[in-house]
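Structure below; questions to follow.
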Amino acid sequence: MAVSLLSKLRCITVDVTGTLIAYKGELGDYYCMAAKAIGLPCPDYKRVHEGFKIAYTDMARNYPCFGFHAKMPNIVWWKTCVRDSFVKAGYDYDEETFEKIFRRIYSTFGSAAPYSVFQDSRPFLRWARSKGLIIGLVSNAEYRYQEVILPALGLNKAEWDFGVFSGIEGIEKPDPRIYKLALERAGNIAPEDVLHIGDSMRKDYVPAKSIGMHALLLDRFKTEAAKDWTDAGAIVLPDLVAVQQLLESDKLKC
């Protein structure tokens, strides 16, 4: 008789953004509100969005893990990123004006305001803990996720046991070392006793599997890439309700 995966699991690790929580609205909404709050016209959404993508990619490449290795303070990392976003979008504000806009943007994204929790996130985490499983979060995120944002969203230590955040640890997905660190935090648990749930083949599924963990992916937004994930052998599910149902069905052998 085959032994179900659920009966063998000791821990579940979960990605955060796109898996447990999502951004509300568009980036342009928050940049526009910050500019309007000090009496300036609303910047062009598309240009700001494109400018941000370029600026964020540059900063992540030059100063990975939110400046961890360069010992760059989190606020300085974001100030550089936001300034470059505006400049690349064609808005070169003077220092005083930019400082006022930036402070509003930084405080907004350090609060619960721009995020929403998927309806199934909290029930799934509580169900998993009721089964005696250790719950860990593994995220390419800065320290405010752990200390401010997730607690403000009601995702606190009643739902998870430990977190591994790139801005705190100096390691980021898809580096398999972030998953090895999660295993240590869980109490040096063997990888075959852990299931990782994420929303990225490259950042979640592949590195977790590479060190011997079980893994599956969520496709909450019906992405085109999901078919490729399935073709590559990954279990792909629409939400955490489906994950719970599959784990309870004793059919999961991922």
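The values are calculated or read from the model by the stated rules, or taken from the named source; none is laboratory data. Since the model is a prediction, treat every value here as computed from it, not as a measurement. Reconstructed Cβ throughout: ideal geometry from the backbone, glycine too, with neighbour counts over all protein chains shown. Areas reflect the complete protein model, heavy atoms only, side chains present, ligands, DNA and RNA absent. Shrake-Rupley method; radii C 1.70, N 1.55, O 1.52, S 1.80 Å.
Any idea which of (1) more than 13 Å from the chain's Cα centre (by Cα); (2) in a loop (DSSP other than H, G, I, E, B); (3) at pLDDT 95 or above; (4) not hydrophobic (A, V, I, L, M, F, W, C) is the one residue 159 doesn't satisfy?
Residue 159 satisfies every listed condition except (3).
Also, quick follow-up: Can you confirm whether the stretch 47-61 contains a residue that is touching a residue at least 24 places away in the same chain (Cβ under 8 Å), within 27 Å of residue 171 (Cβ to Cβ) and of a type in the set (D, E, K, R)?
There is at least one residue in the stretch 47-61 that is touching a residue at least 24 places away in the same chain (Cβ under 8 Å), within 27 Å of residue 171 (Cβ to Cβ) and of a type in the set (D, E, K, R).
Output the residues belonging to the stretch 217-244 that are more than 20 Å from residue 4 (Cα to Cα) and open to solvent by less than 50 Å² (accessible area, probe 1.4 Å).
We begin by selecting, within the stretch 217-244, every residue more than 20 Å from residue 4 (Cα to Cα); these are 218-232, 238-239.
218, 219, 220, 225, 226, 229, 239, listed by residue number.
Has the stretch 71-80 got at least one residue that is part of a loop (DSSP other than H, G, I, E, B) and in contact with a Phe, Trp or Tyr (Cβ under 9 Å, 6 or more places away or on another chain)?
Here is the first cut: in the stretch 71-80, the ones part of a loop (DSSP other than H, G, I, E, B) are 71-73.
Of the ones still in play, those that are also in contact with a Phe, Trp or Tyr (Cβ under 9 Å, 6 or more places away or on another chain) are 72.
Checking the stretch 71-80: at least one residue is part of a loop (DSSP other than H, G, I, E, B) and in contact with a Phe, Trp or Tyr (Cβ under 9 Å, 6 or more places away or on another chain).
Right, here's the next one. Scan 195, 125, 133, 137 and give me the residue that is out of contact with any helix residue (DSSP H, G or I) (no Cβ under 6 Å at 6 or more places or on another chain) and within 29 Å of residue 76 (Cβ to Cβ). Lay out the reasoning, then the answer.
Numbers: 195 fails: within 29 Å of residue 76 (Cβ to Cβ); 125 fails: within 29 Å of residue 76 (Cβ to Cβ); 133 fails: within 29 Å of residue 76 (Cβ to Cβ).
Exactly one residue qualifies, and that residue is 137.
Considering only the stretch 141-149, I want to know if a residue exists there that is of a type in the set (Lys, Arg) and open to solvent by 30 Å² or more (accessible area, probe 1.4 Å). Break it down stepwise before answering.
The first filter runs over the stretch 141-149 and keeps only residues of a type in the set (Lys, Arg), leaving 144.
Add one more test, that the residue is open to solvent by 30 Å² or more (accessible area, probe 1.4 Å), and what stays is none.
No, the stretch 141-149 contains no residue that is of a type in the set (Lys, Arg) and open to solvent by 30 Å² or more (accessible area, probe 1.4 Å).
Within the stretch 53-68, track down each residue that is assigned to a helix (DSSP H, G or I) and either open to solvent by 60 Å² or more (accessible area, probe 1.4 Å) or at pLDDT below 95 (or both). Show your work before the answer.
Pass one, the stretch 53-68, residues assigned to a helix (DSSP H, G or I): 53-62, 64-67.
Scanning the stretch 53-68 gives 53, 54, 56, 57, 61, 62.
A follow-up question, please. Any chance the stretch 222-234 includes a residue that's within 21 Å of residue 68 (Cα to Cα) and of a type in the set (S, T, N, Q)?
There is no residue in the stretch 222-234 that is within 21 Å of residue 68 (Cα to Cα) and of a type in the set (S, T, N, Q).
A quick yes/no check of all residues on (1) surrounded by 14 or more Cβ atoms within 10 Å (Cβ to Cβ); (2) among the small types (Gly, Ala, Ser); (3) touching a Leu at 6+ places or on another chain (Cβ under 6 Å):
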{"residue": "9", "(1), (2), (3)": "yes, no, yes"}
{"residue": "28", "(1), (2), (3)": "yes, yes, no"}
{"residue": "44", "(1), (2), (3)": "yes, no, no"}
{"residue": "48", "(1), (2), (3)": "yes, no, no"}
{"residue": "51", "(1), (2), (3)": "yes, yes, no"}
{"residue": "70", "(1), (2), (3)": "no, yes, no"}
{"residue": "85", "(1), (2), (3)": "yes, yes, no"}
{"residue": "96", "(1), (2), (3)": "no, no, no"}
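Quick check on my filter: what residues within the stretch 1-32 are out of contact with any strand residue (DSSP E or B) (no Cβ under 9 Å at 6 or more places or on another chain) and within 30 Å of residue 99 (Cβ to Cβ)?
Result: 25, 26, 27, 28, 29, 30, 31, 32.
While we're looking at this one, here's another question. Mind counting the residues in the stretch 202-216 that are open to solvent by 10 Å² or more (accessible area, probe 1.4 Å) and in a helix (DSSP H, G or I)? It would help to see each step written out before you state the result.
Our first condition is that a residue be open to solvent by 10 Å² or more (accessible area, probe 1.4 Å); within the stretch 202-216, this holds for 202-203, 205-206, 209-212, 214.
Narrowing the set further to residues that are in a helix (DSSP H, G or I) leaves 202-203, 205-206, 209-210.
Within the stretch 202-216, residues that are open to solvent by 10 Å² or more (accessible area, probe 1.4 Å) and in a helix (DSSP H, G or I) number 6.
Which residues, taken from the stretch 117-156, are over 19 Å from residue 173 (Cα atoms), of a type in the set (A, V, I, L, M) and not in a helix (DSSP H, G or I)?
Here is the first cut: in the stretch 117-156, the residues over 19 Å from residue 173 (Cα atoms) are 117-134, 147-156.
Next cut, of a type in the set (A, V, I, L, M) only: 117, 125, 128, 133-134, 148-150, 152-153, 155.
Result: 117, 133, 134, 153, 155.
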